[in-house]
Amino acid sequence: MKRNILSLACLAAVLFSCTCNDIIQDNVRNAEKQLASLIEASEANDTIRIPSTFKNGEIEFVPVDDWVSGFFAGTLWYMYELTGKEEYAVHAQKHTEVLHEIQFLKWHHDVGFMVYDSYGNGLRLKNIPGYDTVLVNTAKSLATRFRPNAGIIQSWNVVGDCWQAQRGWKCPVIIDNMMNLELLFKVSEMTGDPTYRNIAISHADKTMENHYREDMSTYHVVDYDDETGEVRRRCTAQGIADESRWARGQAWSIYGFTVAYRFTGDERYLDHAKKVAEYLLVNEDNMPEDMVPLWDFDAVEFAKVYPEYEKYVDQRDASSAAIIASALYELWWYTREELYIKSADKMIESLSKAPYRAEIGTNGGFILKHSVGSIPHGGNIDVPLNYADYYLLEALIRKRHIQNGEKPVE
Ligand code: GLY
């Protein structure tokens, strides 16, 4: 009898493991087929271009200084990691090296995203000579945006008549900026120079202090006075309203503090990431059953106040689900909270099928449909986005490591 029960338990474990492997394998097979045309289009006529989205039947390509420019290179590195096929590394290297000038870019904060996804993954997977120097140079550029009196890295410049100036901002910091800290932590580790790590810690501490509401939802923008360090305003750029909860902001928030814990071991960051996750997964009434968030959790409520948003009340954001899932796999590793892994698995399950996963040969070669760039700016609404694909593949890699009993992130 006892032996029968044991055999049944083993069978259940094997079946569970096969199902998990199936979803990873199925996604990888799908991505291989789907990305082939996108790789071809982005390398046509021997010119490397950076695909960002697909709209009105056309793939859109972005310039090197766009905040999303590193994600396609990163997607190719992840395909190399998932398949072991050298051809992906060859494509990835080409798409990485067109980004070389980013290391000297100082006019916005997104260089952490751009270079860590591309050169960072290339360094980790292939140790390509010179990539370490690019990371160090980029960290130096990002460090020029540190405002010591406020203790934060300024996200956007406010110059002339730009839209940030029209809002009356002085030194805006967006929650997304937490994602640039990974580069700074890494470069301090690589070089032994604590400057970058100290900046990252200061930024994380100030963000923890100033970016959150009592319920642990995050504001999108906090505008600082960079001379006095005071908070001038808490508001939004990409959410429906200042007091609403823009979905991708909540996603960056879980991910960013989990990374801060990875590099520092500081329990305050872990505790913070857990509270943010708990808030989203337990207390958030507006999380749909398939766990692919609305673009803004308060879209329905605030559309009553701002009728121009009524047509978007059902709009989901697949990119948020992919980012949250990836973050939750790492958070699970540190906490072993079942809720995190179950929620991440549910998100991956939803993204692995219609309506989110595109049919092969459609969607311009991007894997996922139904993401949102910025509704208030009227840009990239209900389209594929290269970062949704990137974080989906990252989540699959993390899931595979967990199944193998390994830490999901090196
Ligand atoms: N970091 C910009 C965005 O999430 O849209």
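Of note:
- Segment 353-396, residues that are surrounded by fewer than 19 Cβ atoms within 10 Å (Cβ to Cβ) and more than 16 Å from the ligand (Cβ to nearest atom): LYS353, ALA354, PRO355, GLU359, ILE360, GLY361, THR362
- Within segment 17-75, the set of residues being modelled with pLDDT of 95 or more, over 19 Å from the mean Cα position of the chain (by Cα) and small (Gly, Ala, Ser) comprises ALA36, SER37, ALA41, SER42, ALA44, GLY57.
- Sole residue being surrounded by 15 or more Cβ atoms within 10 Å (Cβ to Cβ) and within 16 Å of the ligand (Cβ to nearest atom), chosen from ALA200, ALA237, ALA241, ALA204: ALA237
- Residues that are aliphatic (A, V, I, L, M), in contact with a strand residue (DSSP E or B) (Cβ under 9 Å, 6 or more places away or on another chain), more than 12 Å from ASN363 (Cα to Cα) and surrounded by 15 or more Cβ atoms within 10 Å (Cβ to Cβ), drawn from segment 44-68: ILE50, VAL62, VAL68
- Some residue of segment 124-135 being touching a strand residue (DSSP E or B) at 6+ places or on another chain (Cβ under 8 Å) and not β-branched (Val, Ile, Thr): no
- Restricting attention to segment 302-341, the residues that are surrounded by 14 or more Cβ atoms within 10 Å (Cβ to Cβ) and free of Cβ contacts under 8 Å to residues at least 12 places away in the same chain total 0.
- Considering segment 129-146, the residues that are hydrophobic (A, V, I, L, M, F, W, C) and in a helix (DSSP H, G or I) include one that is nearest to the ligand (Cβ to nearest atom), namely LEU142.
- The set of residues in segment 336-361 that are among the hydroxyl-bearing types (Ser, Thr, Tyr), out of contact with any His (no Cβ under 8 Å at 6 or more places or on another chain) and either modelled with pLDDT under 95 or more than 17 Å from SER253 (Cα to Cα) (or both) comprises SER350, SER352.
- ALA273 falls short on exactly one of the conditions (1) touching a strand residue (DSSP E or B) at 6+ places or on another chain (Cβ under 6 Å); (2) among the small types (Gly, Ala, Ser); (3) part of a helix (DSSP H, G or I), and that condition is (1).
- Taking residues in segment 398-410 that are at pLDDT 95 or above, and partners anywhere that are crowded, with 18+ Cβ neighbours inside 10 Å and of a type in the set (Asp, Glu), the pairs with Cβ atoms closer than 7 Å and at least 6 places apart or on different chains are ARG398/GLU330; PRO408/GLU330; VAL409/GLU330.
- Residue within segment 147-156 that is in contact with a helix residue (DSSP H, G or I) (Cβ under 9 Å, 6 or more places away or on another chain), assigned to a loop (DSSP other than H, G, I, E, B) and among the hydrophobic types (A, V, I, L, M, F, W, C) present: yes
- Any hit, segment 59-69, residues being touching a residue at least 60 places away in the same chain (Cβ under 8 Å), away from the ligand (no atom under 16 Å from the Cβ) and outside any helix (DSSP H, G or I): yes
The values are calculated or read from the model by the stated rules, or taken from the named source; none is laboratory data. Only a predicted model underlies this, so the values are computations on that prediction, with no experimental measurement involved. Glycine also receives a Cβ, built like all others from the backbone with ideal geometry; neighbour counts cover every protein chain displayed.
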